[in-house]
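All remarks here apply to the structure that follows.
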Amino acid sequence: MATPDFVLELRRHIGHAPLSLVGVTAVIVRGDEILLGRRSDNGALTPITGIVDPGEEPADAAAREALEEAGVRIRVDRLAWVHQMPRLTYENGDVVDYLDLVFRCSWIDGEPYPADGEMTEVAWHPLDGLDGVQEQHLRRIDLALDDTSPTRFEGGSPDERTEATR
């Protein structure tokens, strides 16, 4: 995956030390379909994801990532979930703590295609046919699709995760 320039610059100063970043997940819906892409780095089938640039509004980051990765324009409808992902160590030794903001989004226009190489394929999938999508992404999708639930905020230690809604 393409690493943003600001992250590369920070890494020049801090090496592989843990870095806290804000990420976005755009759960993009069109009728009874959801947009998913197959990641070029690990082959996982996922919603559109990305890193928020310094000074960028997170909802704008979700829309930007949808255009950059899949060539589609979207409307960001609501924030569905705020959660800290488990610490991730990349193959090169870089350590990252991602705060993930999951947004429910609606497709406006554009035919999806793997626009920037971060995905090998991008396509619409029926909501009742999400076989092959990892549990962590299914949870994001479920929360984004639940229009009756308020935004979820998670807290507590990873070992005793508690869930609160606001």
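The values are calculated or read from the model by the stated rules, or taken from the named source; none is laboratory data. Note that this is a predicted model, so its numbers are computed, not measured. Note: ideal-geometry Cβ built from the backbone for every residue, glycine included; neighbour counts use all protein chains shown.
Of the numbered criteria (1) farther than 14 Å from GLU33 by Cβ; (2) outside any loop (DSSP other than H, G, I, E, B), the one ALA144 fails is (1).
Take the residues of the range 90-119 that are of a type in the set (Asp, Glu) and in contact (Cβ under 8 Å) with a residue 12 or more places away in the chain: which is surrounded by the most Cβ atoms within 10 Å (Cβ to Cβ)? For the range 90-119, the residue satisfying everything is GLU118. Each residue in the range 4-44 was checked for being outside any strand (DSSP E or B), under 28 Å from ARG75 (Cα atoms) and of a type in the set (D, E, K, R), and 3 of them qualify.
Looking at the structure I just gave you, is GLU33 at pLDDT 95 or above, more than 19 Å from GLU154 (Cα to Cα) and touching an Asp or Glu at 6+ places or on another chain (Cβ under 7 Å)? Against the criterion (at pLDDT 95 or above, more than 19 Å from GLU154 (Cα to Cα) and touching an Asp or Glu at 6+ places or on another chain (Cβ under 7 Å)), GLU33 does not qualify. So, restricting to strands (runs of 3 or more DSSP E) that lie completely within the range 48-118, which ones have at least 1 residues that are acidic (Asp, Glu), closer than 19 Å to ILE141 by Cα and within 14 Å of the chain's Cα centre (by Cα)? The qualifying strands (runs of 3 or more DSSP E) are 95-109. For the range 116-132, the set of residues classified as closer than 18 Å to GLY43 by Cβ and either of a type in the set (A, V, I, L, M, F, W, C) or in contact with a helix residue (DSSP H, G or I) (Cβ under 7 Å, 6 or more places away or on another chain) (or both) consists of ASP116, GLU118, MET119, VAL122, ALA123, LEU130, listed by residue number. Selection over the range 51-82 of residues that are farther than 12 Å from TRP107 by Cα and surrounded by fewer than 21 Cβ atoms within 10 Å (Cβ to Cβ) gives a count of 14.
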